[in-house]
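One structure is given here, and the rest of the page talks about it.
Here, each number is a calculation from the coordinates, and none is a lab measurement. Owing to the predicted nature of the structure, the values given are computational and were not obtained by experimental measurement. When we count neighbours, we look across all protein chains shown, and the Cβ atoms used for this are built from the backbone with ideal geometry, even at glycine.
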Amino acid sequence: MSDLGSFVAHYGYIGIFIVLILGIIGLPIPDEFLLTYVGYSVFAGRMSLSLSLLVAILGSVIGISISYFLGQKLGLPFIKRFGPKVHITEKNITWVQHSFRKFGGFFLLTGYFIPRVRHITAYMAGITSYRYLYFSIFAYIGAMIWVSTFIFLGMILGNNWEVIKHVFLHSTKIFWIMLFIIILYIYGKRWAKKREKAS
């Protein structure tokens with residue numbers, strides 16, 4: 001993480017942009033640590049909040065769009081062959097396939113919060129020819145929520161921002177599945193209330 005922090009400290013906003021594109025595409029980069037560090041940098045007065053949010057969201061949106069088009073062009077055999085090289089296992093791929101078929105766009109929205117899953121959701125959307133319009137709505141809103149969550153978390157934690165590293169290192173897959181279910185439940189409940197009001 002110190003190397004990543006040094007890279008961002010040296011290259012600034014361009015560094016954030018590049019790292020997030022590569023991380024979303026699938027390189028094993030700790031994106032949450034990066035975003036929390038960016039939030040800490042905002043807290044310390046070294047970066048602008050508005051510019052940090054803009055650059056991070058753009059990097060995430062471009063990265064996930066590239067993943068979508070790679071999924072369309074290269075298909076499932078590509079990710080099954082090269083996924084293990086970037087710590088994406090067959091088990092991850094199968095779970096994402098099942099979840100994407102079940103939840104579709106909602107999974108794109110919340111998949112950002114699940115490590116080694118957000119890298120596959122866009123590929124799966126491309127592989128299954130999920131309509132780009134729907135993909136962009138869910139994936140881009142998800143990017144905004146994900147980026148904002150960790151940048152603001154870094155600002156709130158301040159000098160204790162590195163605590164996020166211990167949370168991620170010691171958390172289990174069950175924790176992330178529970179987080180995904182909670183987010184999905186909240187979103188579904190709000191959507192149901194809006195439909196009830198509209199009818």
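Data table
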| read-out | value |
| --- | --- |
| Added length on full extension, which subtracts the Cα-Cα distance from 0.36 nm per residue, Ile18 to Ser136 | 40.5 nm |
| Hz values of 3J(HN,Hα) by residue in the stretch 33-41 - Karplus curve (6.51, -1.76, 1.60), Gly and Pro given as x | 5, 4, 5, 5, 5, 4, x, 4, 5 |
| Cα-based Rg of the stretch 102-154 normalised by 2.2 N^0.38 Å, two decimals | 1.12 |
| Peptides 148-156, 106-114 ordered by average Cβ neighbours within 10 Å, highest first | 106-114, 148-156 |
| Residue-by-residue Karplus 3J(HN,Hα) for the stretch 125-131, coefficients 6.51, -1.76, 1.60, Hz, glycine and proline x | 4, x, 4, 8, 6, 4, 4 |
| Residues Lys189 and Leu51, FRET efficiency given R0 of 45 Å [Cβ-Cβ distance, rounded to 0.05] | 0.85 |
